[in-house]
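Here the structure is laid out as structure tokens; the discussion comes afterwards.
The values are calculated or read from the model by the stated rules, or taken from the named source; none is laboratory data. Everything quoted here is computed from the prediction, not taken from an experiment. Cβ placement follows ideal geometry from the backbone for every residue including glycine, while neighbour counts extend to all protein chains displayed.
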Amino acid sequence: MKKIMLKNLAVFMAIVMMFVSVQSAGAQGKSYVTLKAGTPVMLELLSHVNSNRCHAGDMVDFRVSQDVKVNGKVVIAAGAIARGQVTYAQKNNFFGTPGEVSVVVRSVTTVDGTQIPLTSTSLSNEGNDKLAASIVVTIFCLLGFIIKGGKGELIPGTQLHAIVTADVEIENN
């Protein structure tokens with residue numbers, strides 16, 4: 001009985017050793033660099049964001065405008081897509097109330113396919129406030145209330161500075 005248990009244990013140990021050696025052989029040849037928290041990432045907005053057509057929670061795309069390198073190796077390539085999110089959207093309204101929209105960046109994909117979190121200040125815009133014009137027109141003809149304020153808009157190509165929020169190991173062969 002002990003011989004059978006010892007044989008089974010020996011076979012099990014042999015399988016474990018083969019698995020470990022295959023795993024370590026696969027890991028050889030890979031090199032990693034650490035992308036540090038606080039590393040700046042230059043982005044530009046890809047689409048038109050309009051306060052009258054978007055809602056808080058909508059996703060928007062940014063493009064990385066410059067390579068991000070660590071030790072001379074590109075870890076985030078220029079042209080990579082970063083994802084952002086609308087955090088606030090208010091339509092323009094009657095009585096000259098302006099629209100407003102705000103967007104923040106959330107993440108970007110590195111050269112090895114890793115999604116890493118980014119943070120930034122909010123990219124926002126408020127439309128023209130037309131309250132004064134609305135009041136003046138209302139005094140003279142009672143239709144001033146129909147004057148709407150300007151739309152909050154962010155145009156494609158708007159630049160945004162984002163930063164990496166945590167240290168991340170990036171595979172770079």
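Taking region 32-87, which residues are within 17 Å of Leu123 (Cα to Cα) and aromatic (Phe, Trp, Tyr)?
Within region 32-87, Phe62 is the sole residue that qualifies.
Please name all residue pairs, on different chains or six or more residues apart, with Cβ atoms under 7 Å, provided the first residue is in region 56-85 and is more than 15 Å from Thr110 (Cβ to Cβ) and the second residue is surrounded by 15 or more Cβ atoms within 10 Å (Cβ to Cβ) and hydroxyl-bearing (Ser, Thr, Tyr).
Note: pairs meeting the criteria are Ala56/Thr87; Ala56/Tyr88.
Out of curiosity, is Val86 out of contact with any Pro (no Cβ under 9 Å at 6 or more places or on another chain) and at pLDDT 90 or above?
yes
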